[in-house]
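Colleague: The structure's right below; bear with me while I get my questions together.
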Amino acid sequence: MQKKKLDQQSTAKIFIRNLLHNPSAVIGLTIISIMILCSVFAVQISGVEPEYIDPINGRLGPSLDHLMGTDQLGRDMLSRVLSGGRQSIYVGVIASFLANLIGTILGAIAGYLGGKIDAVVMRVSELVMTFPQLILVLIFVSLLGQGINNVIIVFALTGWMTTFRLVRGEFFSLREEAFVEADRAFGFSKPRIIFRHILPNTLSPIVVAFTINIAIFIIAEAGLSFLGLGVPVTTPTWGNLLIAAQNPVVVDEYWWLWVFPAMSIAIFVLGVNFVGDGLRDVLDPRHKSLIAKSKWKVALVGRLGSKK
Amino acid sequence: MAFTISALIFFASRLSPIDPILAMIPPDMASDSANLEQLREELGLNDHIILQYLTWLKNIATGDFGYSLQSGQQISEILALRMPATLELVLTALILSTILALTLGLFAGAKKGGIADKLSRVLGVVGIAIPDFFIGLALLNVFAYRVSWLPSGNRVAPGQITFWDRFPNYILPVATLTIAMLAVLIRYTRNSVLDTLNRDFVKTARSKGVPEWRVLYSHVFRNSLGPVMVLLAFRLPLLVGGSILVETVFQWPGIGTTIIAAVTASDYPVIMVVSMLIAMVILFASFLVDIVKSILDPRVRLGGSN
Amino acid sequence: MRKFHKSFGAIGLAAALAVSVLAAPTQAATNNSITVAEVTAGGGGVNTISTPWFASGSISHHAMFRGLFKADANLVSVKPDLASGYKFSKDGKTLTLTLKSGIKWSDGKDLTVDDVVWSINSLLRVSKSNAIFVNAFKEIVGSEAVNATNKATMSGITTKGNDIIISLKSPINVMIPVLAQFMIMPKHVLADEDILKLDTNSFWRNPVVLGPYKVGTFSQGNFITLVPNDKYEGAKPIIKEINIIVSSNLVADAKSGKLDYFTTNDPDTIRAMSSVSTFKSAPLDVLFYRYLVVNPTGPFSNVKSREALKYAIDWNKLVPAIYGQQGKVINSGVASGMPHHLSSIPKYKYDKAKATALLKEADFDFSKTIRLRTYNQSQPAVMILLTAVAQQLTEVGMKVEFLPWTGDATTELWTNRNYELALKGLSAFNVSEWFGEYSNMATFGKSIGAQPEFAALSSKLLQATTLRDTGKILTDLQKLEQEKMYKLPMHLLKQVVFISKNISGTPTKWGNPLYVYQNNIASWSAN
Amino acid sequence: MSLSTEKDLILDLKNVNVKFKVEDDTLHILRDVSLSIPRGSFLCVVGESGCGKSVTAQAIMQLLPDNGEVSSGDIYFSQGDQVLKLNELEKFGKQMRDIRGGKIGMIFQDTLSSLNPAHKVGRQVAESLLQHFPVSKDEARTRVVELFRKLGIPDPERRYEAYPHEFSGGMRQRVMIAIATICEPDLVIADEPTTALDVTIQAQIMTLLKDLQKSAGKTFILITHNMALVSEVADHVAVMYLGRVVEYGAVDQVLRDPRHPYTKALMASVPNLDADKNVELQTVDGQTPSPAEVTVGCEFAGRCPYVAAACREKTIEMTRVNPGHDVRCIRLDANGKLPVLTGGA
């Protein structure tokens, strides 16, 4: 028991060490942490509440007083962009978590049990993929009303399929493995086998899908809000700040109102993608370029061993 | 499948609390509430919901898509007007981005670490991170407003004017959509080319003394096309509304802006028809994927002798 | 239509880019053609000419359609147009209109009294129409008999030679101004069409008209070209072609000379236009109200809590910040500066403490989320304004959720009432329309029950014939409004007309662009 | 040059070293490989997987992966009266391409993946011909069909139009052979051509190769780990271990009288060469060390029952034990024999 714990600890250590040695993961993590910190301390950094109205100083371009300028009501864009990140990141992370949760559970069940249940869930996933996402958004908006949680729900309900397919695939191959056979022989319950024994082995694709979904949902939130269908405008998300750019005059004359929020999205998503790439490298050696040292032996032995 | 989708779309739209007649003509615009009742009867909204669904299905099947609540135009007319706008935009962008991505991806894969490779890697990473409407806004700001070289989208429909007169209006939206699609496509092509380059038959081709360009063109290209084409086919739904954001930025009168207008106005007949259309295109796309696969890969070709 | 260079055969991107540079720049207005913009929601080109029975006032309506009278810029006094004159009986209940003779439709047919009678009757049959017509025509004797299902006509309208005699149930003072807005349509073309769906009829693509212009080219989704109507009996219009387009960026198009005329109330556009030297502008004092509708059931059931709203929101700061000179803060349906404004109404200077005190007094339930709604989501300025309003309400302790409605706003506003506060706009024909809203059974009546006090005063207002009567009734109405506080007037919003300096012959005083008045479009010229 | 010193050599590898870059490490895959191959001979290169057999072939063809390169040494190839240094030719240059396919043909192991799945097999063979000879497409086709027939592909006219997946493994290997030999190259390198095939087909293919070599007087290099094949077809054998040739000689000498401990172990693991023709090369006890590990002295020392301290001190040189029979071992006595092992092992 204690030994197992030790092993886990050292695996985690190795994982973190590998991650910190992966340049793209380090760059990504740096970007993300800086941006999250900035958004948490938005008011302290900008010195102004994002909602503070100062009509006399409206529509000012970037200056030393207002690094990102001000909007039509004289609200400080730096403060708004920074605190907007809080909500956008929140939407991305929570939605991605939920989507992954749905995808993982369904994928695990479908992949382990196979048969009819698998066929049904597979059908549903195909259906959701076929069903136009905007229609789903619309139905939710008209049934539940617009809101930050509804956006999250919509994303979770329309974004679980990738994870589902990954997990399902992993389960398909893992359920035939010896240790699962052994579990079955011990008479462990299905949920125990699925969630306690197999699931931990599928963690790496789930983690990678999680980061990728965060990026996707943050961009989706921006798009949806830009169209006026996303998070209520009173919540300054990056997407909601971009609504200003619906007005061609703003696009033309007040570039700082949309360039900064859009850049924030791009940089943050870039950071998330970097982390995702890094995680993929660290967690999934299959993606490594050519043969890594550790794989070398396996390749040699495997070649001889495979001849029948 | 198509049947399930149609039922889902229909009943989901009926879940909404909004009364289609009142969405069409709010009470304070109506000359008389009796007139509204009359209209409701004429449009069959008093029938049983199953009957309404069947009528709707029958109408759709016979090409009668009904009326928009918002503008009162026939939906088929709206589609006829706006479909070409989206098709022109998306098809051009799809073709352009494919050509660019394949060229760049091929060069990138062929010479790892070369200029094309670096370019495509940067594009692949950065392009995915930038929201596509931001690309549009930036292009708009620079090319339409700052230097005024190009019009800010606003499609001119064919008719009285020659193609070349309409052409400038296309440049910015098409460029935006092309760049937006390029990122994913390039990533995919590069990987696909790299995968193919590692395949043994490339070595065989080289062992024949075939020149490198021929190896790339005749062996690598064709075989890396498969996954890319599959991705492309999956992007086909773009043809009927995936370009929503780009269309909104450029006020392009396509299906995308139609959906948005319909969604913000709860114009259900339009939403239903357009989503049906999208679903059909997606079904068609997956069918197309199989065909493309069989063309590119003789192993899955139908009727191949064994 | 803008003439592009059409004489090149070169193919290729370089050539095409060159074209854009050549084709895009200045296309100054000439007598041969001018270009005007109409703004439609959702992007896209010009798809239809809207029926003037529902909305009038666009340049195409000015140019093509005619009513019995032509209003001046104030929309009050009229000049004869299709009718040579009118006469009220002594009791004000019989109106005799005399139609001019010799006027022809653009298809060559003569205009007859039948066209006028058919038009008035048909207005009550179409499904979508403007309330000012409906309210006025319902006062005609026998209006109840007319509906979509029958072909009945009102017994109160008869003809005799070139005279049309209209019997009214009670005298109404706005009948003539309303008739000046009401466009006569050709019976001989439309009589057999499905009148219920007239607003979607293909007639509007190339209507048979009476005005100085008619449709030359209708390029669906792109533009409409108006050309002179050679059957028009007046002086031939000077400008040979009016192109109606949709502009994706009014300012950019105005700058580059692609546009000669448009109107807007978007503050950012107006601000940006101040740097365009080739245009002159005319701000218009139109009766465009912006106001909050309060749901008197729920948290705001106590009138004190509604009064608190007036103190809690700093209109005097927000409105100028967003609209500048264009917005005028008001505290009554009759704005200060207008005749009969009730000066005893408080100015409601921003006072957070007072608002809090009033809320406390009203025992306001702070735990309830205040749902703030609007349907003006396509207007960026409104969205900005309301986020600020939501913020200020939060500052007095309310929980506010602000969202735009999708779909049918009128139902949301008056039937579903799924909100506590809603922003509404009203482009009123006159003050009586503002107060008439309280007694309109389709709207207020539907949501908070009949308002007999408002109804009585409103119908008195319609019938008032002297200035003194009008003033007294308006005072009573303002007091009543103040007492009930169902609508909280926020501000009036000026519309601004922008027109190229090249164009002359334009009216010295512009009117509300949402209505038809004498804008002399036939005598505009460009140099 | 070196080629002329001995008899008519077609290929001569002199101290060839190949290094691979994998991430931050450099793997030394070939170490001082020297092989002299007389024209018309049939050389077998044997050894466990990973010993560098295939890399040797790739180095000759200049088809090493992007991360591998010949770091030192020379590969001489005699073409008519010319002697070319292959490793100094431009990798994808005209000269090298003329040699590839034209002068040296190559047969690969995995026939399914080595044939382009999207092209008809006939075209894949003709491609080589069209590349090296000024023939018309029709002519090329006739020649390919002819070769197909000669190689025992039934119904060659129709099979020309078929795709690789429509062929059996044996037939595909015949197509591969056709690709490698259609231009009548002087040298054919076959990299484990039969591993993926079943026994009867293996035998057929080997017979085919042997016939080809005999009838056309071609030089063959067969890379294999199947010792049974070696005794059947080869006239010379090179045994490789971890990037080095450890024993080289005529087939009779090496197989009947192996001198290197590794060869000995290999032979010991094959019970009887003649009894079962399908005896696979068995793994020798112990694990092959990673090429990344730097070893001083004999690479086999770790697994060698004859190991002595001296073995680990410096690089071991080839010693000639008999004419034409070289062994890389310092434990050989004056007669070129290994000491007798004492104690159980």
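The values are calculated or read from the model by the stated rules, or taken from the named source; none is laboratory data. Computed from a prediction, not measured in an experiment: that's the story for all the values here. Glycine also receives a Cβ, built like all others from the backbone with ideal geometry; neighbour counts cover every protein chain displayed. Ligands, DNA and RNA are stripped out before the accessible areas are found, and what is left, the full protein with its side chains, is counted by its heavy atoms. Shrake-Rupley method; radii C 1.70, N 1.55, O 1.52, S 1.80 Å.
Colleague: Can you pull out every residue in region D:128-153 that is under 27 Å from the mean Cα position of the chain (by Cα), more than 11 Å from every other protein chain (Cβ to nearest Cβ) and in a helix (DSSP H, G or I)?
Modeller: Selection gives D:Val144, D:Leu147, D:Phe148, D:Arg149, D:Lys150.
Colleague: So which helices (runs of 4 or more DSSP H) stay within region A:2-99 end to end and still have 2 or more residues that are under 20 Å from the mean Cα position of the chain (by Cα)?
Modeller: A:2-20, A:23-40
Colleague: When you check D:Val125 against the structure, is it touching a residue at least 40 places away in the same chain (Cβ under 8 Å), open to solvent by less than 10 Å² (accessible area, probe 1.4 Å) and within 13 Å of chain B (Cβ to nearest Cβ), yes or no?
Modeller: yes
Colleague: Does region D:249-265 contain at least one residue that is within 14 Å of chain A (Cβ to nearest Cβ) and either modelled with pLDDT under 85 or not in a loop (DSSP other than H, G, I, E, B) (or both)? Break it down into steps so the answer makes sense when it comes.
Modeller: We begin by selecting, within region D:249-265, every residue within 14 Å of chain A (Cβ to nearest Cβ); these are none.
Taking every residue of region D:249-265 in turn, none turns out to be within 14 Å of chain A (Cβ to nearest Cβ) and either modelled with pLDDT under 85 or not in a loop (DSSP other than H, G, I, E, B) (or both).
Colleague: Given C:Ser332, C:Ser336, C:Ser343, which one is out of contact with any strand residue (DSSP E or B) (no Cβ under 9 Å at 6 or more places or on another chain) and of a type in the set (S, T, N, Q)? Walk me through how you get there before you give the answer.
Modeller: Details: C:Ser332 fails: out of contact with any strand residue (DSSP E or B) (no Cβ under 9 Å at 6 or more places or on another chain); C:Ser336 fails: out of contact with any strand residue (DSSP E or B) (no Cβ under 9 Å at 6 or more places or on another chain).
Answer to the selection: C:Ser343.
Colleague: Can you tell me which of B:Arg222, B:Arg235 is under 23 Å from B:Phe134 (Cβ atoms) and open to solvent by 20 Å² or more (accessible area, probe 1.4 Å)?
Modeller: B:Arg235
Colleague: When region B:112-126 is examined, which residues are found to be facing chain A (nearest Cβ under 10 Å) and open to solvent by 20 Å² or more (accessible area, probe 1.4 Å)?
Modeller: B:Lys112, B:Val125, B:Val126
Colleague: Could you tell me whether region C:329-352 includes any residue that is open to solvent by 10 Å² or more (accessible area, probe 1.4 Å), assigned to a helix (DSSP H, G or I) and without any contact (Cβ under 8 Å) to a residue 40 or more places away in the chain?
Modeller: No: zero hits.
Colleague: Out of all the residues in region C:309-328, is one or more over 28 Å from A:Val233 (Cβ atoms) and either more than 10 Å from every other protein chain (Cβ to nearest Cβ) or at pLDDT below 90 (or both)?
Modeller: No, region C:309-328 contains no residue that is over 28 Å from A:Val233 (Cβ atoms) and either more than 10 Å from every other protein chain (Cβ to nearest Cβ) or at pLDDT below 90 (or both).
Colleague: Which residues, taken from region D:56-97, are in a helix (DSSP H, G or I), aliphatic (A, V, I, L, M) and in contact (Cβ under 8 Å) with a residue 40 or more places away in the chain? Give the steps one after another, and end with the answer.
Modeller: First, the residues of region D:56-97 that are in a helix (DSSP H, G or I): D:56-61, D:86-88, D:94-97.
Then drop every residue that is not aliphatic (A, V, I, L, M), which leaves D:57, D:59-61, D:86, D:96.
Listed by number, the residues that qualify are D:Ala57, D:Ala59, D:Ile60, D:Met61.
Colleague: So, one more: Output yes when any residue across region A:200-214 is open to solvent by less than 20 Å² (accessible area, probe 1.4 Å), outside any loop (DSSP other than H, G, I, E, B), more than 7 Å from every other protein chain (Cβ to nearest Cβ) and closer than 30 Å to C:Met383 by Cβ, and no when none is.
Modeller: Yes, that holds for at least one residue.
Colleague: Sticking with this one: Pick from C:Leu309, C:Leu259, C:Leu292: which is touching a strand residue (DSSP E or B) at 6+ places or on another chain (Cβ under 8 Å), crowded, with 21+ Cβ neighbours inside 10 Å and not assigned by TED's automatic domain parsing to the domain that holds C:Ala388?
Modeller: Working: C:Leu309 fails: not assigned by TED's automatic domain parsing to the domain that holds C:Ala388; C:Leu292 fails: not assigned by TED's automatic domain parsing to the domain that holds C:Ala388.
It is C:Leu259.
Colleague: Moving to a separate point now. Quick check on this structure: which one of C:Asp81, C:Asp110 is in contact with a strand residue (DSSP E or B) (Cβ under 8 Å, 6 or more places away or on another chain), closer than 30 Å to C:Thr508 by Cβ, of a type in the set (Asp, Glu) and not assigned by TED's automatic domain parsing to the domain that holds C:Leu514?
Modeller: C:Asp81
Colleague: Here's a follow-up. Could you go through region B:14-34 and let me know if any residue there is away from chain C (no Cβ under 14 Å) and open to solvent by less than 50 Å² (accessible area, probe 1.4 Å).
Modeller: No, there is no match, as no residue in region B:14-34 is away from chain C (no Cβ under 14 Å) and open to solvent by less than 50 Å² (accessible area, probe 1.4 Å).
Colleague: Of everything in region A:146-193, what is surrounded by 15 or more Cβ atoms within 10 Å (Cβ to Cβ), under 30 Å from B:Asp19 (Cα atoms) and within 14 Å of another protein chain (Cβ to nearest Cβ)? Give them in sequence order. Even if it seems obvious, please write down each step before you answer.
Modeller: Pass one, region A:146-193, residues surrounded by 15 or more Cβ atoms within 10 Å (Cβ to Cβ): A:146-148, A:150-168, A:170-172, A:174-175, A:180, A:183, A:188, A:193.
If we keep only those that are under 30 Å from B:Asp19 (Cα atoms) as well, we get A:146-148, A:150-158.
Answer for region A:146-193, where residues must be surrounded by 15 or more Cβ atoms within 10 Å (Cβ to Cβ), under 30 Å from B:Asp19 (Cα atoms) and within 14 Å of another protein chain (Cβ to nearest Cβ): A:Gln146, A:Gly147, A:Ile148, A:Asn150, A:Val151, A:Val154, A:Leu157, A:Thr158.
Colleague: Of all residues being in a helix (DSSP H, G or I) and farther than 13 Å from D:Ala178 by Cβ in region D:98-122, which is least open to solvent (accessible area, probe 1.4 Å)? Just the residue, please. Before the answer, list the steps.
Modeller: At the first step, the residues of region D:98-122 found to be in a helix (DSSP H, G or I) are D:98-99, D:111-114, D:121-122.
From the residues that got through so far, the ones that are farther than 13 Å from D:Ala178 by Cβ too are D:98-99, D:112-113.
Values: D:Asp98: 59, D:Ile99: 2, D:Leu112: 85, D:Ser113: 33 Å².
Applying the filter and picking the extreme gives D:Ile99.
Colleague: If you go through region A:251-308, how many residues are part of a helix (DSSP H, G or I), closer than 30 Å to A:Ser88 by Cβ and either modelled with pLDDT of 90 or more or of a type outside the set (Val, Ile, Thr) (or both)? Before the answer, list the steps.
Modeller: So in region A:251-308, the residues part of a helix (DSSP H, G or I) come out as A:251-253, A:256-283, A:285-287, A:293-306.
Still in the list and also closer than 30 Å to A:Ser88 by Cβ: A:251-253, A:256-283, A:287.
In the following step, the residues that additionally are either modelled with pLDDT of 90 or more or of a type outside the set (Val, Ile, Thr) (or both) were identified as A:252-253, A:256-281, A:283, A:287.
Selection size over region A:251-308: 30.
Colleague: Search region A:223-249 for residues that are more than 9 Å from chain C (Cβ to nearest Cβ) and of a type in the set (Asp, Glu) and pair each with any residue that is open to solvent by 10 Å² or more (accessible area, probe 1.4 Å) and not in a helix (DSSP H, G or I) when their beta-carbon atoms are under 6 Å apart and the residues are at least 6 apart or on different chains.
Modeller: none
Colleague: Let me ask something additional. Among the residues of region D:184-207, which ones are under 12 Å from D:Gly105 (Cβ atoms) and surrounded by fewer than 21 Cβ atoms within 10 Å (Cβ to Cβ)?
Modeller: D:Glu184
Colleague: Oh, and also: When C:Ala282 is evaluated against the numbered criteria (1) closer than 30 Å to B:Glu41 by Cβ; (2) out of contact with any Leu (no Cβ under 9 Å at 6 or more places or on another chain), which criterion, by number, is the only one it fails?
Modeller: (1)
Colleague: To continue, here is another question. Considering only region C:179-218, state which residues are modelled with pLDDT under 90 and open to solvent by less than 10 Å² (accessible area, probe 1.4 Å).
Modeller: Of everything in region C:179-218, those that are modelled with pLDDT under 90 and open to solvent by less than 10 Å² (accessible area, probe 1.4 Å) turn out to be C:Leu196, C:Leu198, C:Trp204.
Colleague: Output the number of residues of region B:254-292 satisfying the condition of being of a type outside the set (A, V, I, L, M), open to solvent by less than 20 Å² (accessible area, probe 1.4 Å) and within 14 Å of the chain's Cα centre (by Cα).
Modeller: 5
Colleague: Would you mention how many residues in region D:166-201 are in a helix (DSSP H, G or I) and touching a residue at least 60 places away in the same chain (Cβ under 8 Å)?
Modeller: Total meeting the criteria: 9.
Colleague: Take D:Thr181 and tell me if it is farther than 18 Å from D:Ser168 by Cα, more than 14 Å from every other protein chain (Cβ to nearest Cβ), among the polar types (S, T, N, Q) and buried (at least 16 other Cβ atoms within 10 Å of the Cβ).
Modeller: No; evaluated as a whole, the condition is false for this residue.
Colleague: If you scan region A:17-35, which residues turn out to be open to solvent by less than 90 Å² (accessible area, probe 1.4 Å) and either of a type in the set (A, V, I, L, M, F, W, C) or in contact with a Pro (Cβ under 8 Å, 6 or more places away or on another chain) (or both)?
Modeller: Once the filter is applied, which keeps residues that are open to solvent by less than 90 Å² (accessible area, probe 1.4 Å) and either of a type in the set (A, V, I, L, M, F, W, C) or in contact with a Pro (Cβ under 8 Å, 6 or more places away or on another chain) (or both), region A:17-35 yields A:Leu19, A:Ala25, A:Val26, A:Ile27, A:Leu29, A:Ile31, A:Ile32, A:Met35.
Colleague: Say whether the condition of being more than 21 Å from B:Tyr268 (Cβ to Cβ), open to solvent by less than 60 Å² (accessible area, probe 1.4 Å) and assigned to a helix (DSSP H, G or I) is met by at least one residue in region B:57-74.
Modeller: The initial filter retains those residues of region B:57-74 that are more than 21 Å from B:Tyr268 (Cβ to Cβ), namely none.
For region B:57-74, residues more than 21 Å from B:Tyr268 (Cβ to Cβ), open to solvent by less than 60 Å² (accessible area, probe 1.4 Å) and assigned to a helix (DSSP H, G or I): absent.
Colleague: Quick check on my filter: what residues within region C:383-414 are away from chain B (no Cβ under 14 Å) and either at pLDDT below 80 or open to solvent by less than 30 Å² (accessible area, probe 1.4 Å) (or both)?
Modeller: Within region C:383-414, C:Ile384, C:Leu385, C:Leu386, C:Thr387, C:Ala388, C:Val389, C:Ala390, C:Gln392, C:Leu393, C:Val396, C:Met398, C:Phe402 meet the criteria.
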